[in-house]
């Protein structure tokens, strides 16, 4: 039986926290909220309640064992290193990557990680990628937008090429979407409930229609939170492709074919939603994830829904797919 491998799970690090406290302004601040005395804010909108579990790797291992999770492939969640100028962004990435590498050394049976890069500065990002692959990084984190820039922006092409050349997995994790202020997403936890879904869905749909996956066929893109809304709107994307010539200017295949090329995690909260993800992406392209330790995370619940899948999908999603795409 394959081990249970969590591909969507997070830690922050003490060094990163110190840096964002000192140099995160004006966009980012750490202060108290109704959800946590330690909360990450973006331009006044709360989107990241922090707890001791975000920084405690020993506690992570304890909770993994309790939930039946064998291995965690950890990422530094939003805002990752996408803040500050060139020097601060590169420093934030280096600090996080070094602390993750140290955590893997301390917990080699339970812990792996994906790299944080200073995406706004492609030359520095490629250099950091070269460095961290040697440290043991198994993949790369990217957010759904890089401070408002689309992931298909030509400035990021050297980074994508370096990732594609290595055929690395990439976890595409949402952040605050562009237009959040106009949509008033600061209320009612709307950033986490719907804003993140919009960020992921827009990012991947733009990639899809832009021909991105034809240009970079080797990378293994994992769309967070069961693909956002992508499985639900897959039929609509195909219908638009069939009926709108402007949707076919860069691609010659229906969107649903590309949706079976990318990967999805199992971070969703209904069995039918997970099954739709498997139906749209294919049982070989869905991977267990938990979103631990955020308040929306559900390590045991997400695993229970995976375990309720029919065989052979269950074993593939629990860990066999992750073993394959991460080369474990």
Task: Filtered residues of segment 159-179 (kept if touching a residue at least 24 places away in the same chain (Cβ under 8 Å), surrounded by fewer than 23 Cβ atoms within 10 Å (Cβ to Cβ) and over 17 Å from residue 116 (Cβ atoms)) - done: 161, 164, 165, 167, 177, 178
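Here's the yes/no breakdown for (1) at negative phi; (2) out of contact with any helix residue (DSSP H, G or I) (no Cβ under 6 Å at 6 or more places or on another chain); (3) surrounded by 22 or more Cβ atoms within 10 Å (Cβ to Cβ):
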position	(1), (2), (3)
58	yes, yes, no
74	yes, yes, yes
77	yes, yes, yes
91	yes, yes, no
115	yes, no, yes
TODO: Return only the number of the condition from (1) modelled with pLDDT of 95 or more; (2) under 20 Å from residue 171 (Cβ atoms); (3) outside any helix (DSSP H, G or I); (4) out of contact with any strand residue (DSSP E or B) (no Cβ under 7 Å at 6 or more places or on another chain) that residue 297 does not satisfy.
DONE: (1)
Open item on the list: The conditions are (1) without any contact (Cβ under 8 Å) to a residue 40 or more places away in the chain; (2) surrounded by fewer than 18 Cβ atoms within 10 Å (Cβ to Cβ); (3) under 18 Å from the mean Cα position of the chain (by Cα), and residue 245 fails exactly one of them. Which is it?
Closed with: (3)
Open item on the list: I'd like to know if segment 112-127 contains one or more residues that are touching a residue at least 12 places away in the same chain (Cβ under 8 Å) and more than 27 Å from residue 206 (Cβ to Cβ).
Closed with: yes
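Please state which one of 302, 277 is in contact with a strand residue (DSSP E or B) (Cβ under 6 Å, 6 or more places away or on another chain) and either over 16 Å from residue 69 (Cβ atoms) or not in a loop (DSSP other than H, G, I, E, B) (or both).
On the way: 302 fails: in contact with a strand residue (DSSP E or B) (Cβ under 6 Å, 6 or more places away or on another chain).
It is 277.
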Open item on the list: residue 151 - would you say it is surrounded by 15 or more Cβ atoms within 10 Å (Cβ to Cβ) and free of Cβ contacts under 8 Å to residues at least 24 places away in the same chain?
Closed with: no
Open item on the list: Among (1) in contact with a helix residue (DSSP H, G or I) (Cβ under 9 Å, 6 or more places away or on another chain); (2) surrounded by fewer than 17 Cβ atoms within 10 Å (Cβ to Cβ), there is one condition residue 283 misses while meeting the rest; what is its number?
Closed with: (2)
Open item on the list: Residue under question is residue 18, and the condition is that it be closer than 21 Å to residue 94 by Cα, surrounded by fewer than 18 Cβ atoms within 10 Å (Cβ to Cβ) and more than 21 Å from the chain's Cα centre (by Cα); does it hold?
Closed with: yes
- [ ] Quick one: in segment 126-145, of everything that is more than 21 Å from residue 104 (Cβ to Cβ) and surrounded by 19 or more Cβ atoms within 10 Å (Cβ to Cβ), which residue is nearest to the chain's Cα centre (by Cα)?
- [x] 143
Open item on the list: The conditions are (1) under 27 Å from residue 300 (Cβ atoms); (2) buried (at least 20 other Cβ atoms within 10 Å of the Cβ); (3) in contact with a helix residue (DSSP H, G or I) (Cβ under 6 Å, 6 or more places away or on another chain); (4) at pLDDT 95 or above, and residue 47 fails exactly one of them. Which is it?
Closed with: (4)
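Restricting attention to segment 257-272, which residues are farther than 20 Å from residue 315 by Cβ and surrounded by fewer than 16 Cβ atoms within 10 Å (Cβ to Cβ)? It would help to see each step written out before you state the result.
Taking segment 257-272 as the starting set, the residues that turn out to be farther than 20 Å from residue 315 by Cβ are 257-259, 261-262, 269-270, 272.
If the condition is that a residue be farther than 20 Å from residue 315 by Cβ and surrounded by fewer than 16 Cβ atoms within 10 Å (Cβ to Cβ), then 257, 269, 270, 272 are the ones that fit.
The values are calculated or read from the model by the stated rules, or taken from the named source; none is laboratory data. Worth saying up front: this structure is predicted, and the values here are computed from it rather than measured. As a convention, Cβ positions derive from the backbone with ideal geometry for all residues, glycine included, and neighbour counts pool all protein chains shown.
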